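S.K.: Quick one: structure below, then a few questions.
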2 protein chains.
Amino acid sequence: MNKTVLAQIDTIAGDISLNTDKIVNCIKKAQSENADLIIFPELALMGYPFGDIFIRHKSIITRQLKALNKIVKLTKNITALIGFVEPTEDISKKPFYNSVAVIQNGKIINVIRKRLLPNYCEFNDYRYFEPSKETPELFEINGEKYGVLVCEDSFNDKSFFKENSIYETDPVEELMKKKPDTLINCSCSPSRTGKEHVKNKLFSSIAKEYGVNYIYVNKAGYSDNLCFAGTSRIYNKKGELKIRAKSFEEDIVVVENLQGQICPVPNGMEEKIDFKNFNTEYKTDLERTYKSIVFGIKEYFSKNGFSKAVLGLSGGLDSTICAVLLADALGKDNVWGISMPSRITSKESKNDARILAENLGIHFFEIPLASVLDSFKEKFDFAFNNVKTEKFEKSTTIENLQARTRATILWSISNEHKQMLPIATSDKSEAYIGYATVNGDMSGGFAPIADVTKTKLFALGAFLNEYREQKNVIPQSVLEKPPGAELKINPKTGKTVSAEEDNMPYEFLDEIIWFVENFGFGFDDLMNHKFLYEKRHQLMQELKEEWIKKFFWKSKCAVYKWHILPPSIIIDAHSINSVEYHQPIISKVN
Amino acid sequence: MNKTVLAQIDTIAGDISLNTDKIVNCIKKAQSENADLIIFPELALMGYPFGDIFIRHKSIITRQLKALNKIVKLTKNITALIGFVEPTEDISKKPFYNSVAVIQNGKIINVIRKRLLPNYCEFNDYRYFEPSKETPELFEINGEKYGVLVCEDSFNDKSFFKENSIYETDPVEELMKKKPDTLINCSCSPSRTGKEHVKNKLFSSIAKEYGVNYIYVNKAGYSDNLCFAGTSRIYNKKGELKIRAKSFEEDIVVVENLQGQICPVPNGMEEKIDFKNFNTEYKTDLERTYKSIVFGIKEYFSKNGFSKAVLGLSGGLDSTICAVLLADALGKDNVWGISMPSRITSKESKNDARILAENLGIHFFEIPLASVLDSFKEKFDFAFNNVKTEKFEKSTTIENLQARTRATILWSISNEHKQMLPIATSDKSEAYIGYATVNGDMSGGFAPIADVTKTKLFALGAFLNEYREQKNVIPQSVLEKPPGAELKINPKTGKTVSAEEDNMPYEFLDEIIWFVENFGFGFDDLMNHKFLYEKRHQLMQELKEEWIKKFFWKSKCAVYKWHILPPSIIIDAHSINSVEYHQPIISKVN
């Protein structure tokens, strides 16, 4: 096998000059190592994901093609595979192909065009690209013959996917008729729960079935809510994994004779997820979840010119987990945790916030809210009387006021400082039912855990206490007390109302979310489903029905909030992140 | 010609039972009028736009097909054309067709499948639908032969579009080989600047070219940032307009022998827009703009269960125009305008706000902010000292604090009252360069003018003063003073800083936006372009360059804000509304 470089790099959509520099540097390094072949991820020169930018801003395409010509001249004694957006120049076709240029010794010797264009979830290939109908030619280096696939082209193996095959053509099958020795797959494939298992099995089974070497080069980076793990790899003709690059970071791997390192992947990342059985352990997904979020925060901050974060520390689970993730991503010196107690905040919560901050070593101080809330309330007496006759009937107003005042303080602190972003600490369970305040805890420059459900956050908290070098940074009480926003008092108990009293048990809610997202369950399906919660507790059918109805009603009202969620990181197999899933505000789903 | 009903109705995505009731009622009405044929808009039974709802929530499709069967039984003595989502039942194809059922006397006699699937701007047909490759059969009523087109199928006439034709096939040409007497086009076609002109010319030219009657039935309604004008119509075989339904409202038109009313359209709506020459008159687009927004507000509020609006009245242009539009859409008794002056708010602004409210007859009162701002600032002295050594260097912090405090008060008022939404008053020019405060004037339950530029708002203000029954509700001073957020004082002049001092003249900014949106202009194109502003004023090339660079830099930083804009109404030919245009936060366009 030829000496091959897997260039597992990250590039930025439309930033052609940055992308070109990165590609050129990799080629130079490969040449200095006397490599025969260097492979970049899908669309490396344009950067991915790109949304609609080159449809509206046409000069990006011009700049990209100029850059490609420049790169071509620098490929002395090497073959380079570079993904780019290729104009079709045929008005009756889509304007572009999603292509890979095969550049050899100063010439483009072949252009491979993507055949299968995914158009679901975060993928919108057909919005921009014409699907190629041709099986590409092989290219040759020192007698070894290579066939090239672009990402999805490798995802329709009929013996693997069986009835889940969604395209007519299998480009692998057709390409293999030309008898390549090695298949190369240039990809931009985001990490999601359960997906790494499929990729590993699929690539290995293709290699084995056809007796071909299989090289997979994936982007490593974060952009626009998507986290690309990298984890590029090579399988030999028996389907055995021989080389694997790092996960959640860029990596340049030089391979000779199929010899190299098999870097570890996060624990359980390639295990099969049993989607049909909901559980609250999430064991095989916790390290991947942690690494995805930490990588996502790092990348979002650095690519947007930020280095510091400020967040409210309530002593509750959400802000606690966010603080740990931020400290690990940005460094403890770059994180400010602010405790902002109101009159109803418990001593325990204040303590938990302070202890966490001390354990982590992040900056910490307290700003009591009472005087600001009082000055607002003074205005309200007047304002509400002016709008209607009854006054102050809704506790929601004052609950939300606390959350909004906190966010105003966080935004002000971030305003005053360079490179600082305030953090939205909302989680996925609460986003689903709109249990978060607009301009309050929902607001921020970034929302690290918006695609992590509450039960998974509990599991993640316990995991972090064991996994991190410094053990037990999260106070045990945070992992044990019932979650609640501490925004109102229950007059019967005299205690703050827990979120589960307001809504339903999180274990039940998260199982609804699981089956709605993964299997499209509607009301009837959910009523017929035996919940984990039902196995563990007595549950009257009337209450079950009430909770399921509450879920659909509350999530209908929450869709507006989904539309204005800050940028985040998609973690699960499915999400309500607008990059993946779009639901109009005016719509009905059940 | 058969007695025909154009059912220009509005339906809601996924709300199958509501849509079915509406369709059934129309059919009954048509039957009671002894009509032969009733035509509904594209996808009337599913409702449009639907985002991804039936991909995730599969039971919607089941419910829809049951409802179709129910409707079929009710079509005694009539032919009904009903748009629906049809499963393909072929796993190697996309899962659905975008279809029209031709139902005659209790039977589905034909299913017409959409052939041209638009996949640009707000359209994503190919994400869900398989394009049909077949020319549909005609159907017949009393010897008259009909051919059916689904929306885009009519938009590839090569003699009309010439080099702008974007598909290989022209379904009209192919359908006409079967020699229908009448073409029917079932559409869901949103209103945009310049689009009504194209539709009118195109349909008329097809009718004339082929010597065929042409019936166009469009949805009238608002959903998910799109405004559908309705304006259904019939052209005779000479291409003459014979019937036109109402614009911006539902309408059921019964037509016999091509006789009927030609309802007026908003002034200038069907005139050709000269996109190559920017001007600040906008004359042909003002009534349509006004009607679109008023219709959009009405629909958004009623469909989401709201009836009242509260907004901050600064005495500036944006909040003034919003107040007029809200009063016209919801009724003056349902609008609350709150003046929230800080210490630097001018007397003139306070007066202008009060006079406007009095003129409109909306509710009005004043809440001075000083005490709330002081209570925040007290906290900041402490907080900022805890974060860094220098204190209070940025005026932005206090500027934004004013905007955020105002929004907090508005959200609190809306919280306290039933069916009330706070309004985000941001305009399009400011959204482009991020000149709006997160959790401040950018925040609200709805943003009526987020797709209207500042120069167009000035023109709209003057138009409203003449057009509305009650003349001159907007104080002349509002239309004359330079716009500015009144958030900071210029130490040199002692006056508040105007927005144009902070950024660039709005006339210049709006022309950049015009050419970027309509022609994809980049930096070089803009430098080579002669601006209207340059014709009217002396402008140094250095300053021109500075402004253009400032535009690209500021809009790069503003992309985050575009992602969290509240729901709005797309007005212009192009926009930054995420329903139409997606730009990743991590990206570079120039």
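S.K.: Within region B:385-398, can you find the residues that are facing chain A (nearest Cβ under 7 Å), under 11 Å from A:His417 (Cα atoms) and at pLDDT below 75?
M.R.: Matches in region B:385-398: B:Val387, B:Lys388, B:Lys394.
S.K.: Considering only residues that are among the charged types (D, E, K, R) and in contact (Cβ under 8 Å) with a residue 60 or more places away in the chain, look in region A:496-535 and name the one that is nearest to A:Trp553 (Cα to Cα).
M.R.: So in region A:496-535, the residues among the charged types (D, E, K, R) come out as A:500-502, A:507, A:510-511, A:517, A:524-525, A:530, A:534-535.
Of the ones still in play, those that are also in contact (Cβ under 8 Å) with a residue 60 or more places away in the chain are A:502, A:507, A:510-511.
Values: A:Asp502: 14, A:Glu507: 18, A:Asp510: 16, A:Glu511: 17 Å.
Of everything passing the filter in region A:496-535, A:Asp502 is nearest to A:Trp553 (Cα to Cα).
S.K.: Restricted to region A:84-99, and to residues that are within 11 Å of chain B (Cβ to nearest Cβ) and charged (D, E, K, R), which residue is nearest to the chain's Cα centre (by Cα)? Can you show your working first?
M.R.: Pass one, region A:84-99, residues within 11 Å of chain B (Cβ to nearest Cβ): A:90-95.
Filter again for charged (D, E, K, R), leaving A:90, A:93-94.
Numbers: A:Asp90: 36, A:Lys93: 32, A:Lys94: 29 Å.
Residue satisfying both the conditions and the ranking: A:Lys94.
S.K.: Can you find a residue in region B:406-418 that is loosely packed, with under 15 Cβ neighbours inside 10 Å and either modelled with pLDDT under 90 or closer than 29 Å to B:Ala558 by Cβ (or both)? Working first, answer last.
M.R.: Step one: of region B:406-418, the residues loosely packed, with under 15 Cβ neighbours inside 10 Å are B:418.
Applying the additional criterion that residues be either modelled with pLDDT under 90 or closer than 29 Å to B:Ala558 by Cβ (or both) yields B:418.
Yes: one or more hits.
S.K.: Sticking with this one: So, in region B:19-50, how many residues would count as being facing chain A (nearest Cβ under 9 Å), farther than 11 Å from B:Phe84 by Cβ and either at pLDDT below 95 or open to solvent by less than 10 Å² (accessible area, probe 1.4 Å) (or both)?
M.R.: Final tally of qualifying residues: 1.
S.K.: While we're on this one: Going through region B:342-359 one residue at a time, which ones are open to solvent by 10 Å² or more (accessible area, probe 1.4 Å), touching a helix residue (DSSP H, G or I) at 6+ places or on another chain (Cβ under 6 Å) and at pLDDT 95 or above? Even if it seems obvious, please write down each step before you answer.
M.R.: Restricting attention to region B:342-359, the residues satisfying the condition of being open to solvent by 10 Å² or more (accessible area, probe 1.4 Å) are B:342-348, B:350-352, B:354-355, B:358-359.
Now drop any that are not touching a helix residue (DSSP H, G or I) at 6+ places or on another chain (Cβ under 6 Å), which leaves B:342-343, B:352.
Hit for region B:342-359 is B:Asp352, nothing else.
S.K.: Report yes if some residue within region A:440-452 is among the β-branched types (Val, Ile, Thr), touching a residue at least 24 places away in the same chain (Cβ under 8 Å) and out of contact with any strand residue (DSSP E or B) (no Cβ under 9 Å at 6 or more places or on another chain); otherwise report no. Steps first, please.
M.R.: Just the residues of region A:440-452 that are among the β-branched types (Val, Ile, Thr), to begin with: A:449, A:452.
Pick out the ones that are also touching a residue at least 24 places away in the same chain (Cβ under 8 Å) and you get A:449, A:452.
Pick out the ones that are also out of contact with any strand residue (DSSP E or B) (no Cβ under 9 Å at 6 or more places or on another chain) and you get A:449, A:452.
Checking region A:440-452: at least one residue is among the β-branched types (Val, Ile, Thr), touching a residue at least 24 places away in the same chain (Cβ under 8 Å) and out of contact with any strand residue (DSSP E or B) (no Cβ under 9 Å at 6 or more places or on another chain).
S.K.: Among the residues of region B:334-384, what is the count of those that are within 12 Å of chain A (Cβ to nearest Cβ) and either assigned to a helix (DSSP H, G or I) or of a type in the set (D, E, K, R) (or both)?
M.R.: 17
S.K.: Next up: Could you check region B:117-170 and list, in sequence order, the residues that are away from chain A (no Cβ under 14 Å), over 26 Å from the mean Cα position of the chain (by Cα) and under 17 Å from B:Phe84 (Cα atoms)?
M.R.: B:Ser132, B:Pro136, B:Val148
S.K.: Right, something else. Within region B:565-588, which residues are open to solvent by less than 20 Å² (accessible area, probe 1.4 Å) and at the interface with chain A (Cβ under 7 Å from one of its Cβ atoms)?
M.R.: B:Pro566, B:Pro567, B:Tyr581, B:Gln583, B:Pro584, B:Ile585, B:Ile586, B:Ser587 - these are the residues of region B:565-588 that are open to solvent by less than 20 Å² (accessible area, probe 1.4 Å) and at the interface with chain A (Cβ under 7 Å from one of its Cβ atoms).
S.K.: From (1) more than 29 Å from B:Glu348 (Cα to Cα); (2) over 25 Å from the mean Cα position of the chain (by Cα); (3) among the aromatic types (Phe, Trp, Tyr), pick out the condition that doesn't hold for B:Tyr533.
M.R.: Of everything listed in (1) more than 29 Å from B:Glu348 (Cα to Cα); (2) over 25 Å from the mean Cα position of the chain (by Cα); (3) among the aromatic types (Phe, Trp, Tyr), B:Tyr533 misses just condition (1).
S.K.: Considering only helices (runs of 4 or more DSSP H) fully contained in region B:492-555, which possess at least 2 residues that are surrounded by 17 or more Cβ atoms within 10 Å (Cβ to Cβ) and within 14 Å of chain A (Cβ to nearest Cβ)? Lay out the reasoning, then the answer.
M.R.: Details: elements: B:499-502, B:506-519, B:523-528, B:532-536.
The qualifying helices (runs of 4 or more DSSP H) are B:506-519.
S.K.: Could you list all residues from region A:190-248 that are surrounded by fewer than 19 Cβ atoms within 10 Å (Cβ to Cβ) and touching an Asp or Glu at 6+ places or on another chain (Cβ under 6 Å)?
M.R.: A:His197
S.K.: Shifting gears a bit: Is it fair to say A:Ser319 is outside any strand (DSSP E or B) and more than 14 Å from chain B (Cβ to nearest Cβ)? Before you say what the answer is, go through the steps one by one.
M.R.: On the way: outside any strand (DSSP E or B): yes; more than 14 Å from chain B (Cβ to nearest Cβ): yes.
So A:Ser319 passes the test.
The values are calculated or read from the model by the stated rules, or taken from the named source; none is laboratory data. Bear in mind that the values here come from a model prediction, so they are computed numbers and not experimental data. Positions of Cβ are generated from backbone atoms using ideal geometry, with glycine treated the same way; all protein chains shown enter the neighbour counts. Protein only, heavy atoms only, side chains kept; ligands, DNA and RNA dropped before computing areas. Shrake-Rupley method; radii C 1.70, N 1.55, O 1.52, S 1.80 Å.
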